[in-house]
Each structure stands twice: as C-alpha cells, then as structure tokens.
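Notes for the one structure printed next.
What follows draws every value from the coordinates through simple rules; no lab data is involved. Since the model is a prediction, treat every value here as computed from it, not as a measurement. Note: ideal-geometry Cβ built from the backbone for every residue, glycine included; neighbour counts use all protein chains shown.
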Amino acid sequence: MKVQWDFRTIIVGSSEIMKSEGIEISESAENLLESKQLEGMTSLFVSLDRRPLGIISIADTLRQGAKEAIERSGTRAYRNWMLTGDSAPVADRIGKELGISYEANLLPKIRS
C-alpha cells in the first residue's frame, strides 16, 4: 500500500514491494520479519519517504466458539480443512489451535 499524506510518502508491504520501490531493507530487519512470520504472524515493512521505519506484525485470533464448532463438526464422517491465503506458519498456528488440516498460500481463485 502506498499513500501520500501531508506531502510525505508512506509505503507498507513485503520486502519485494519495498525493493520494487527502491527501498533498501537491512539483513537484520529481514531476519526480524522472518522470525515474526515463523511465530505465525503476518508481518509487513513500513517506510516513510523511502526510508525504512519499522515492521508491523499482526496475528489472527480465533473467533469465540470456533474451536467448539470445529470439535462438534469433527464427530461427523468428514474432516475439516482450512483453505487460506495466509503463509504456512500462520496457517499452521491456527490449524494447530483448531486441530485441523490446512492448505496455505492459496490465491483467491484457488480458494473459491
């Protein structure tokens, strides 16, 4: 995402997006982002006026009652699967919390 605000440019995105915008990301920042992703978080770089500013990391949370609903439906003759565009570490964390299998990194066209 790229926005102009008060004559300043803010960009939020992956390392690929930052590189395509000519923003150099340090190895330590890349390592921090990767460690957050391995923890099951979705992480993005933030830049201000083409200078790296920081990393935003967010984690999905389960809706109240989601685990119970999955457990109830698991007693039937089918298995529950999660199809997601999230990365494998994110899907793995949620899949483990719910006790279900998953397919990660799916494009919207594939999920539908």
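The figures follow:
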| quantity | calculated |
| --- | --- |
| Sum of -39500 (n - 2.57) over DSSP H runs of 4+, divided by residues of the chain (222 nm, nearest 500) | -10000 deg cm²/dmol |
| Extent along principal axes [Cα atoms of the chain; Å; largest to smallest] | 57, 28, 25 |
| Linear extension gain, LYS96 paired with SER28, 0.36 nm per residue minus alpha-carbon span | 21.6 nm |
| Separation in nanometres of the label points that stand 7 Å from Cα toward Cβ, at ASN80 and VAL46 | 3.4 |
| Qualifying chymotrypsin sites (Phe, Trp or Tyr not before Pro) for region 39-109 [loop in DSSP, other Cβ within 10 Å: at most 14] | TYR78 |
| Size of region 2-58 as Cα extents on the principal axes (Å, biggest first) | 36, 21, 15 |
| Region 1-56: GluC sites (Glu not before Pro) in DSSP loop, at most 15 other beta carbons within 10 Å | GLU21, GLU24, GLU39 |
| Simple label model, 7 Å out from Cα along Cβ direction - ARG8 to THR61, nm | 2.9 |
